Amino acid sequence: MSEKRKDNKGRILRNGETQRSDGMYMYRYNDAGGVRRTIYSWRLVETDKIPPRKKSCEPLRELEKQLERDTDDGIQSFIAAKKTVNDFYEKYMSMKKELKPSTRSTYASTYNKYVRDEFGLRPIGSVKYSDIKKFYLSMYFDSGLKPNTIHAVNTILHPIFTLAVRDGYIRSNPAYQVYAELKKQNAWGQEKRHALTEQQQSAFVDYIRNSKKYRKWLNMFTLFLGTGCRVGEVVGLRWEDCDFTENIISINHNLVYCKADDDKKFRYYISTPKTKAGERIIPMLKEVRKALLEERISQMQTGFNQTVIDGYSGFIFQNRNGGMRKPTEINKVINRIIADYNAEETEQAKKKKREPILLPHFSVHNLRHTFCTRFCENETNLKIIQEIMGHANISTTMDVYNEATQEQKKTSFANLEGKIMIG
């Protein structure tokens, strides 16, 4: 009978275990594919001390137990130690064929900015729950990022780790419930977009109407405030989508401006609505009809938009060169309008010795929210509101409805003061 191998402490080593002359332990085994693998450790068992100037490490016997468990469960732990988070991101994105160009572009931008260069380089098999939690906390407290940004990162990371679990590279998803727990612990709420008040809305529209500089934008902003459409739905709207006999507008596509896949340059794309609920018919208000007809009469003299995008043509709105307007361009002009209006209003208020009516900072999407709020203030049928807004979930409609009616409740009760005999 051959003598059992021992380590430098006289302990009998198991089959596959050896100890090098420098004291490091090794365990050799064949993986599921028959490939010879080796794992290393400076300690054989938990009670062994870590040699001076050596990094902390799991005992070899513990690693063997994990390896045996992984083998029984079909986990490819050795490969998981080599594959990075970035590798699985690329694999995940390559299979998401259904993503719209705008969504794919947003995913890529978010991942490249916040994950790829540091966290993305980590071996996917080494990432633990605590690593994900520390990463998100660092984004919030150290980098000062908003919860919405962290949520966007989590939206990408969570399915990446789910893919690794399903492919048998890791046992469980380390990102599972991390964001939800941090959101609850730190009271992270989704940032709410607020509607303009009636006074602010009137000030915004009146200023544009009376401004030589911004008057050309009035028809477009009338459409935003009179339909509640998303920015891609407005800039991509065509004359053929407007039925002036029935006085209805058909929303059946979006215009997006972004990079897609491996494109190096931004370009326009026609995309279907975000959800099936996005396809809808919106009745024309008189102000909307008037704005559209005014725009058409004007273009009969100056020329129509001749741009063709993915087979779509006849777009209503155009820039000064006769081309398409970019969504970012609209937000920029809103910022300029706010700045110019507030400066003029402040000066006028000072001359008249009154408080100025200033406009808050807002984006084009706040105009959609403003329309929805005005709609909720005057309509009680939530299903009608949901259909007109194109909300996929009634909960989205409910959020706006509850916020809008909250102010109405306050006003209603204010009118009751002194009219109810309480005591």
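The table below lists the values:
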read-out: Residue count, segment 120-137 (criterion: open to solvent by less than 50 Å² (accessible area, probe 1.4 Å), of a type in the set (A, V, I, L, M, F, W, C) and under 25 Å from Thr103 (Cα atoms)); value: 3
read-out: Pairs with Cβ under 6 Å, 6+ apart, first in segment 225-253 and among the charged types (D, E, K, R), second assigned to a loop (DSSP other than H, G, I, E, B) and surrounded by fewer than 18 Cβ atoms within 10 Å (Cβ to Cβ); value: Arg238/Gly314; Glu240/Gly314
read-out: Close pairs (8 angstrom Cβ cut-off, 6 or more residues apart or separate chains): at pLDDT 75 or above in segment 258-278, part of a strand (DSSP E or B) and among the hydroxyl-bearing types (Ser, Thr, Tyr) anywhere; value: Cys258/Tyr269; Phe266/Tyr257; Arg267/Tyr257; Tyr268/Tyr257; Tyr269/Tyr257; Ile270/Tyr312
read-out: Residues of segment 89-113 satisfying the condition of being under 28 Å from Ala187 (Cβ atoms) and open to solvent by 60 Å² or more (accessible area, probe 1.4 Å); value: Thr106, Ser109, Lys113
read-out: Matching residues, segment 271-305, being open to solvent by 70 Å² or more (accessible area, probe 1.4 Å), assigned to a loop (DSSP other than H, G, I, E, B) and within 30 Å of Glu98 (Cα to Cα); value: Thr272, Lys274, Glu279
read-out: Sole residue being surrounded by fewer than 16 Cβ atoms within 10 Å (Cβ to Cβ) and touching a residue at least 12 places away in the same chain (Cβ under 8 Å), chosen from Lys213, Lys183; value: Lys213
read-out: Every residue from segment 212-265 that is over 22 Å from Glu279 (Cα atoms) and part of a loop (DSSP other than H, G, I, E, B); value: Lys212, Lys213, Tyr214, Lys259, Ala260, Asp261, Asp262, Asp263, Lys264, Lys265
read-out: Tally, over segment 9-47, of residues that are closer than 17 Å to Gln66 by Cα, more than 46 Å from the chain's Cα centre (by Cα) and open to solvent by 50 Å² or more (accessible area, probe 1.4 Å); value: 2
read-out: Hits in segment 138-164 - residues which are of a type outside the set (S, T, N, Q) and open to solvent by 50 Å² or more (accessible area, probe 1.4 Å); value: Tyr140, Phe141, Asp142, Gly144, Lys146, His151, His158
read-out: Within segment 165-180, considering residues that are outside any helix (DSSP H, G or I) and open to solvent by less than 50 Å² (accessible area, probe 1.4 Å), the one nearest to Val115 (Cα to Cα); value: Ala175
read-out: In segment 374-390, residue surrounded by the most Cβ atoms within 10 Å (Cβ to Cβ) [restricted to those that are in contact with a Cys (Cβ under 9 Å, 6 or more places away or on another chain) and on the phi < 0 side of the Ramachandran plot]; value: Met389
read-out: Some residue of segment 249-265 being at positive phi and open to solvent by 30 Å² or more (accessible area, probe 1.4 Å); value: yes
read-out: Near pairs, Cβ below 9 angstrom, 6+ apart or cross-chain, from segment 1-21 (within 16 Å of Pro59 (Cα to Cα) and hydroxyl-bearing (Ser, Thr, Tyr)) to any residue that is outside any strand (DSSP E or B) and open to solvent by 100 Å² or more (accessible area, probe 1.4 Å); value: Thr18/Arg5
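Per-residue answers, yes or no, for (1) surrounded by 12 or more Cβ atoms within 10 Å (Cβ to Cβ); (2) closer than 19 Å to Gln200 by Cα; (3) of a type in the set (A, V, I, L, M, F, W, C):
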site: Gly314; (1), (2), (3): yes, no, no
site: Gly322; (1), (2), (3): yes, no, no
site: Glu344; (1), (2), (3): yes, yes, no
site: Lys350; (1), (2), (3): no, yes, no
site: Cys372; (1), (2), (3): yes, yes, yes
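The values are calculated or read from the model by the stated rules, or taken from the named source; none is laboratory data. Just so we're clear, the structure is a prediction, and the values are computed from it rather than from any experiment. Backbone-built Cβ (ideal geometry, glycine too); neighbour counts: all protein chains shown. Calculation scope for accessible area: heavy atoms of the full protein, side chains included, ligands and nucleic acids excluded. Shrake-Rupley method; radii C 1.70, N 1.55, O 1.52, S 1.80 Å.
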